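These notes concern the structure reproduced below.
The values are calculated or read from the model by the stated rules, or taken from the named source; none is laboratory data. Just so we're clear, the structure is a prediction, and the values are computed from it rather than from any experiment. Note that we place each Cβ from the backbone using ideal geometry, even for glycine, and neighbour counts take in every protein chain shown. The accessibility values were calculated without ligands, DNA or RNA, using every heavy atom of the protein model including side chains. Shrake-Rupley method; radii C 1.70, N 1.55, O 1.52, S 1.80 Å.
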Amino acid sequence: MSAFLLVPAIFLIAGLLQGLTGFGSALIAMPLLAFIIDIKTAVAACTLCGITINLKMCCNLRSNMDSRKILPLIIGSIPGAVFGTLALKEVDGNLITFFLGFLVAGYAGYSLLVRPIVLKLNPAWGYLSGFLTGAITAAVSAGGPPTIIYSSLMGWKKDDFKATLSGFFLAAASMAALGHLISGLTTFYSFQLFLASLLPVQAGVFIGHRLAGKVSEDLYRRIIMILLVFMGIMLIFQSTG
């Protein structure tokens with residue numbers, strides 16, 4: 001079946017997941033896209049779709065956007081990306097991925113079994129979270145978990161949680177897309193796949209956002225932790241594969 005039918009269908013599902021939870025589109029999309037198109041094309045198309053997903057999320061949640069929550073993450077991620085790039089030359093990337101997966105799955109599994117931890121940390125911790133996200137993204141392309149865990153520890157309401165992640169991930173995806181364009185990773189073919197997926201991915205975000213409005217805060221947090229367990233297990237398998 002044509003990639004121009006399958007890829008939009010995948011992004012429809014990915015958009016729905018992110019519309020519901022505020023993250024996770026790449027978690028769903030990348031493994032499935034790898035069966036259809038080459039990984040470089042998948043990364044470029046997924047990044048472009050990520051921009052439109054997070055832009056739509058930011059528009060949906062504009063009343064919940066708070067620059068005091070988002071800017072520390074963005075500022076911290078810049079030196080983090082530099083550190084992660086340098087660290088990758090000295091440390092085995094698979095080792096980083098394994099320990100990240102173990103940490104994420106362990107934290108989320110614990111939070112599912114006991115009452116979720118809410119520390120309401122000082123917002124200054126956002127700089128550290130952003131730094132870790134930037135470093136891990138640069139090193140192993142899986143930097144989302146530190147920001148998701150930090151946001152969950154803050155005890156924000158689900159719309160504040162989703163708005164913060166969307167604002168940060170929009171900035172991160174935009175910078176990544178610029179890098180892909182400059183480096184030549186974004187090809188005409190990947191851009192065609194992105195255009196073919198534009199309406200389906202937006203439809204997915206719309207449906208997911210509507211479903212999120214019907215989910216209680218407690219159920220929402222459990223969904224987040226289940227996805228984090230899945231993400232952690234995926235990282236562990238990735239490190240040993």
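Annotations
- Fully extending the segment from residue 188 to residue 35 would add 53.1 nm, taking 0.36 nm per residue of separation and subtracting the current Cα-Cα distance.
- Carbon/sulfur fraction of accessible area - the range 190-241, other protein chains in place, 1.4 Å, %: 72
- Average Cα contact separation per residue, the range 1-150, under 8 Å, 6 or more apart, as relative contact order %: 25
- In this label model, residue 9 and residue 75 are separated by 4.7 nm, measuring between points 7 Å along each Cα→Cβ vector.
- Mean residue ellipticity (222 nm) of the chain, computed from DSSP H runs ≥ 4 via -39,500 (n - 2.57), nearest 500: -27500 deg cm²/dmol
- The chain - accessible surface per residue (Å², probe 1.4 Å): 49
- Residue order by solvent-accessible surface for 51, 207, 37 is 207, 51, 37, largest first, with ligands and nucleic acids left out and a 1.4 Å probe.
- If you sort 175, 30, 57, 234 by accessible surface, 1.4 Å probe, largest first, the order is 175, 234, 30, 57.
- Apportionment of accessible area to carbon and sulfur, the range 1-138, percent (1.4 Å): 72
- The chain: Lys pairs at Cα distance under 29 angstrom, eight or more positions apart or on different chains: 21
- FRET efficiency estimate (nearest 0.05) - Cβ-Cβ, residue 226 to residue 94, R0 25 angstrom: 0.50
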